[in-house]
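Single-structure report; data block below.
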Amino acid sequence: MLKHLPLALAAALAPAFLNLTAYGDEAQSPSSDKLQVLLVAGGCCHDYATQSKLLKEGLEERIDAEVTVVLSDDKSTQARFEIYESDEWADGYDVVIHDECSANVTEKPYVNRILDTHLDGVPAVNLHCAMHSYRWGDYKNPVQPGAENAGWFEMLGLQSSGHGPKFPIDIQHQNEHPITKGMKDWTTINEELYNNVRIFDGASALISGVQETPPNKRQLKQDPNAQPNTATAVVAWTNEYGPNKTRIFSTSLGHQNETVADARYMDLVSRGVLWAAGRLQEESK
């Protein structure tokens, strides 16, 4: 079951940000003793050019990390990334951040190359639409562990199939966890609350989101006294994936650029990266 979560983020846009695909030679040769972070971003429905810039700058401001960005200019649900075509795609990186929105990429060998790397022990951080990527079959109903369409959800630790309208979400921290220690509850701007279809063994909730949506015109026409709807879902969690118990941190928040740029969100993601890499206590000291 899930049981912890905090939030935080950062920052202003930087005037200079490296372009498309891989930013600079560092994609081939991550350097130094800094934490090497690979950020893969792109696909449908979001401003990934801006958000990947915000994430890179925010992370490098907060932690001793070098963030390499692989950004696709494909804005469809079929966005693919050339880096995943190699079995060694994550060599040299300490943590991978999945910030892609590739719902209709269903080629199993391609997806399995990604998952095999995390099964082998490379930690992952998953943001927002990564929860709705690489899915097929009857993904709107709970998948069973080991099912042929369960792989990506098992890595995440939580299965989600969709979201409601954009309204503010009240962020409520669960039991204290090293990632969320000291973080305070807050309320987002208009955001998407991703539903929870099922939670897998090994996952632990960090933060819940509560969203109240007013009745729409059709509901009011049917019932002038219709009341607002309140939905609750886990919006940040950890997972231990596979036999190596690879550390996975995920948050379904982050649709809007302003949310990604919020220091509370960026703090959360930064601490999630450190925790996944096993360096949170070290950097805290």
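The values are calculated or read from the model by the stated rules, or taken from the named source; none is laboratory data. Source: prediction; values computed, not measured. Cβ: placed from backbone, ideal geometry, glycine included. Neighbour counts: every protein chain shown. For the accessible areas, the whole protein counts, side chains as well, though only heavy atoms, and no ligand, DNA or RNA atoms are used. Shrake-Rupley method; radii C 1.70, N 1.55, O 1.52, S 1.80 Å.
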Would you be able to say whether some residue in segment 137-157 is within 19 Å of the chain's Cα centre (by Cα), hydroxyl-bearing (Ser, Thr, Tyr) and open to solvent by less than 30 Å² (accessible area, probe 1.4 Å)?
no
From the options Leu119, Leu127, residue that is crowded, with 19+ Cβ neighbours inside 10 Å and touching a residue at least 24 places away in the same chain (Cβ under 8 Å):
Leu127
For segment 84-100, enumerate the residues that are of a type outside the set (Ser, Thr, Tyr) and surrounded by fewer than 17 Cβ atoms within 10 Å (Cβ to Cβ).
Glu85, Asp87, Glu88, Asp91, Gly92
Surrounded by fewer than 22 Cβ atoms within 10 Å (Cβ to Cβ), out of contact with any strand residue (DSSP E or B) (no Cβ under 9 Å at 6 or more places or on another chain) and free of Cβ contacts under 8 Å to residues at least 40 places away in the same chain: which single residue out of Asn225, Asn195 fits that description?
Asn225
Which number in (1) more than 23 Å from Tyr265 (Cβ to Cβ); (2) surrounded by 14 or more Cβ atoms within 10 Å (Cβ to Cβ) marks the one condition that Ile169 misses?
(1)
List pairs: first residue in segment 21-50 and buried (at least 16 other Cβ atoms within 10 Å of the Cβ) and at pLDDT below 50, second residue among the hydrophobic types (A, V, I, L, M, F, W, C) and not in a strand (DSSP E or B) anywhere in the structure, Cβ distance under 8 angstrom, at least six positions apart or on different chains.
Ala22/Ile83; Tyr23/Phe17; Ala27/Ile83
Return yes or no: is Ser270 part of a helix (DSSP H, G or I) and open to solvent by less than 60 Å² (accessible area, probe 1.4 Å)?
yes
Give me the pairs, please: first residue somewhere in segment 242-271 and on the phi > 0 side of the Ramachandran plot, second residue anywhere and among the β-branched types (Val, Ile, Thr) and crowded, with 21+ Cβ neighbours inside 10 Å, beta-carbon distance under 6 Å, and either six or more positions apart or on two chains.
Gly254/Val260
